[in-house]
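Notes follow once the structure below has been shown.
Here, each number is a calculation from the coordinates, and none is a lab measurement. Only a predicted model underlies this, so the values are computations on that prediction, with no experimental measurement involved. As a convention, Cβ positions derive from the backbone with ideal geometry for all residues, glycine included, and neighbour counts pool all protein chains shown.
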């Protein structure tokens, strides 16, 4: 595999494009919004600058990485003659099904189609394609250039050959792939999201405040950051979406989102991305201090 298309230039999409390009792959970064593409390239450039300043890569490495990325606003042009497509669009089932229907028509029959979904069924996504055996989940962790894990999700019809190819490909990126089966939330979010939700319930019930809950988990459980801060970083809207997928999929009340989480999302308090969540990120210094924890 040499030619990769990444759909979505947001946080996950630009991170995935960054990692592939830095490891020598030619990347077509696709987004319907040109502003999103411009912002995505700026983010990649800034992250590469940070690596240069830490002497992890050279200026030449940075330039070479950026030269390997071509942007497209048209999905049909962007996925021609690629070996793999990694979809990293918003965590919305209808949107993903629409994208995969389009990919099925535009891509060669040999192209592997991967989704970076963090909770949605790969089997359901694959069902709208003509070659479900070539559809697989490739769930990167945020921030993609730093986090080692890639959760590889086999749909019901995903072939052994497709799984082996993506497992080996992930290793060439310096990642550690872990194969899991296709159930709501997979492994990572099936365990993580109930913990975050319970932390929000603990706050909602008045057991302790935001700082107190996070301090207990950081100092008592050796977590690098508290669960409420982590929820802010992920995005409260994303947390809510994943919990809803698991709640709908398992029909188990233990996955029901806390009313406080629902209200905060409805109020537009989504965490870092909106400037306010469980913490206030409106002051530039506070946002800077928080972000430093993820770019060491």
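Hydrodynamic radius of the stretch 49-172 by the Kirkwood approach over all distinct alpha-carbon pairs: 15.7 Å.
Going from the fewest other Cβ atoms within 10 Å to the most, the residues 134, 50, 190 appear in the order 50, 190, 134. In terms of other Cβ atoms within 10 Å, 247, 223, 139 run from fewest to most in the order 223, 247, 139.
If you take the Cα Rg of the stretch 159-278 and divide it by 2.2 N^0.38 Å, with N the number of residues, what do you get? Write out the running numbers ahead of the final one.
Numbers: Rg = 16.5 Å, N = 120, 2.2 N^0.38 = 13.6 Å.
With N residues counted in the stretch 159-278, Rg over 2.2 N^0.38 Å equals 1.22.
Can you tell me what share of the DSSP beta bridges in the chain is antiparallel? A percent to the nearest 5 is fine.
Values: 7 of 33 bridges.
If I count the DSSP bridges inside the chain, around 20 percent turn out antiparallel.
Find the Cα radius of gyration of the chain, compare it with 2.2 N^0.38 Å by division, and give the number to two decimals. Before the final figure, lay out each step's value.
On the way: Rg = 19.1 Å, N = 296, 2.2 N^0.38 = 19.1 Å.
For the chain, the normalised Cα radius of gyration comes out at 1.00.
In the stretch 3-181, Cα pairs under 8 Å separated by at least six residues give a relative contact order of 20 percent. In plain terms, if you count all Cα to Cα distances in the stretch 1-110 and split them into 5 Å steps from zero, the share in each step is 2, 13, 24, 23, 18, 10, 5, 3, 1 percent. Among 108, 126, 267, the residue with the largest mean-square fluctuation in a Gaussian network model of the chain, with springs joining Cα atoms closer than 10 Å, is 267. Convex hull volume per residue, computed on the Cα atoms of the stretch 67-122, equals 94 Å³.
Taking the Cβ of each residue in 212, 151 as the centre, tally the other Cβ atoms inside 10 Å and list the residues starting with the fewest. Write down the numbers at each step before the final one.
Numbers: 212 13, 151 21.
The most exposed by this proxy come first: 212, 151.
If you line up the long axis of helix 93-106 against the longest principal axis of the chain, both from Cα atoms, how many degrees apart are they, to the nearest 10? So the inclination is approximately 10 degrees.
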